[in-house]
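Novice: A single structure is presented below for examination.
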Amino acid sequence: MLLQFSLAFLLTALSLFADEPKQWGENVTGVTTKFHTDKKEVALTFDACGGSAKSSQFDAGLIDFLSENRIPATLFINSRWIQSNPEIFARLAANPLFEIANHGTAHHPLSVNGKSVYNIPGTASPEEVAHEINGNGDLIEKLTGKRPRFFRSGTAYYDEQAVAIAHQNGVEIAGFSVLGDAGATFSAPKVAQQLESAHGGDIVIFHMNHPEGGTREGVIEGVEKLKAEGFSFVRLSDVKDRLERIP
């Protein structure tokens, strides 16, 4: 009897271990980081996180520059930022240059077992993964009439099982191939340098909720340099049929 119990316990443990995620990070299986193109075109993406007075700010000068220069972009917006900035969100959603994407309900990393990064706990179950996606997805759809197609988690960290759950919930996980501002911590010259390093098909990540940082000035300098080199800019939905997922 003891042998049978021990064997059953061992088989159960092995089964649970086999079901554990094997990847954790920004670049895991199923995450989209680039798109195929033969042209000089780059996708600019901007996160807005929320959750505190500082992270709920809005860089109006940055968005004004994009609007005035007809630069399209995909905006990943968290539900807490929306709730802090309802009028600004409505204006952004009404601007055809911008595509509204989903940056999560509570800005958690996307995990099926509570894995954390940067001292931020991740979602702790498949059900929490779905809620992190759909809570904000429901809010954006209610406010705009459109369900966001693209999702980026808080911290942009995932395990491969959470990514698969996201796909089952009808969203594409948008990673990036160029780190534009490192959470709005880069200086303006560094932001410009990062953007100017982009090649056709790159997805660049920035933040639009830290006007005190170097993002705005760096983006302006980098965009003007790339435009002079013949680059154009796209929203992720513009290249949805050419996106490349990590295998």
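The values are calculated or read from the model by the stated rules, or taken from the named source; none is laboratory data. Just so we're clear, the structure is a prediction, and the values are computed from it rather than from any experiment. Positions of Cβ are generated from backbone atoms using ideal geometry, with glycine treated the same way; all protein chains shown enter the neighbour counts. Remember, those area values only see protein heavy atoms, side chains included, never the ligands or the DNA or RNA. Shrake-Rupley method; radii C 1.70, N 1.55, O 1.52, S 1.80 Å.
Novice: For the peptides 155-162, 141-148, 80-87, what is the packing order when you average, over each peptide's residues, the other Cβ atoms within 10 Å and list the highest mean first?
Specialist: Ranking the peptides 155-162, 141-148, 80-87 by packing returns 155-162, 80-87, 141-148.
Novice: Then there's this: Please build a GNM for the chain, connecting alpha carbons under 10 Å apart, and tell me which residue among Phe58, Phe151, Phe206 fluctuates the most.
Specialist: Looking only at Phe58, Phe151, Phe206, the biggest GNM fluctuation is shown by Phe58.
Novice: Evaluate the charge dipole of the chain about its Cα centre and quote only its size in Debye, nearest 20, assuming +1 on the Cβ of each Lys and Arg and -1 on the Cβ of each Asp and Glu.
Specialist: About 220 debye.
Novice: Using R₀ = 30 Å, calculate the FRET efficiency as 1/(1 + (r/R₀)^6) where r is the Cβ-Cβ separation of Thr29 and Thr185; round to 0.05.
Specialist: Efficiency computed from Cβ-Cβ geometry: 0.60.
Novice: Cα to Cα, under 19 Å, and not fewer than 8 places away if on the same chain: which aspartates and glutamates meet these conditions relative to Lys227?
Specialist: Partners within reach: Asp38, Glu41, Asp64, Glu68, Glu196, Asp202, Glu217, Asp238.
Novice: So, for the range 90-136, what is the accessible surface per residue at a probe of 1.4 Å, expressed in square angstrom? Don't skip to the end; give the middle numbers.
Specialist: Numbers: 2010 Å² over 47 residues.
Spelled out: the 1.4 Å probe surface of the range 90-136, per residue, equals 43 Å².
Novice: Calculate how many DSSP beta bridges within the chain are antiparallel, expressed in % of all such bridges and rounded to the nearest 5.
Specialist: Approximately 25 percent, going by the DSSP bridge assignments.
Novice: Under 10 Å, Cα contacts only: if you run a Gaussian network model on the chain, which one of Leu226, Leu236, Leu195 comes out with the highest mean-square fluctuation?
Specialist: Maximum among the listed residues: Leu226.
Novice: So what J values fall out for the range 214-228 if you push phi through Karplus, 6.51 cos²θ - 1.76 cosθ + 1.60 with θ = phi - 60°, rounded to Hz, Gly and Pro as x?
Specialist: My calculation for the range 214-228 gives x, 4, 4, 5, x, 5, 4, 5, x, 5, 4, 5, 5, 4, 5 Hz in order.
Novice: Can you work out the accessible area per residue across the range 202-247, with the rest of the protein chains kept in place, probe 1.4 Å, in square angstrom?
Specialist: Per-residue accessible area for the range 202-247 comes out at 46 Å².
Novice: Where the only charges are on Cβ atoms (+1 Lys, Arg; -1 Asp, Glu), what is the dipole of the range 111-247 about its Cα centre, to the nearest 20 debye?
Specialist: Dipole of the range 111-247, to the nearest 20 debye: 240 debye.
Novice: Would you please give the FRET efficiency between Asp19 and Asp138, computed as 1/(1 + (r/R0)^6) with r the Cβ-Cβ distance and R0 = 25 Å, to the nearest 0.05?
Specialist: Efficiency at R0 = 25 Å is approximately 0.30.
Novice: Can you list the HN-Hα couplings for the range 173-185, worked out from phi with the Karplus curve (6.51, -1.76, 1.60; θ = phi - 60°), rounded to whole Hz and with x for Gly and Pro?
Specialist: 7, 9, x, 7, 10, 10, 7, x, 9, 6, x, 6, 9
Novice: Pop out the carbon and sulfur fraction of the accessible area of the chain as a percent, whole number, probe 1.4 Å.
Specialist: 54 percent
Novice: Once the Cα gyration tensor of the range 130-199 is found, what semi-axes does its equivalent ellipsoid get, as square roots of 5 times the eigenvalues, in whole Å, sorted largest first?
Specialist: On the way: eigenvalues 157, 45, 23 Å².
Three semi-axes, in Å: 28, 15, 11.
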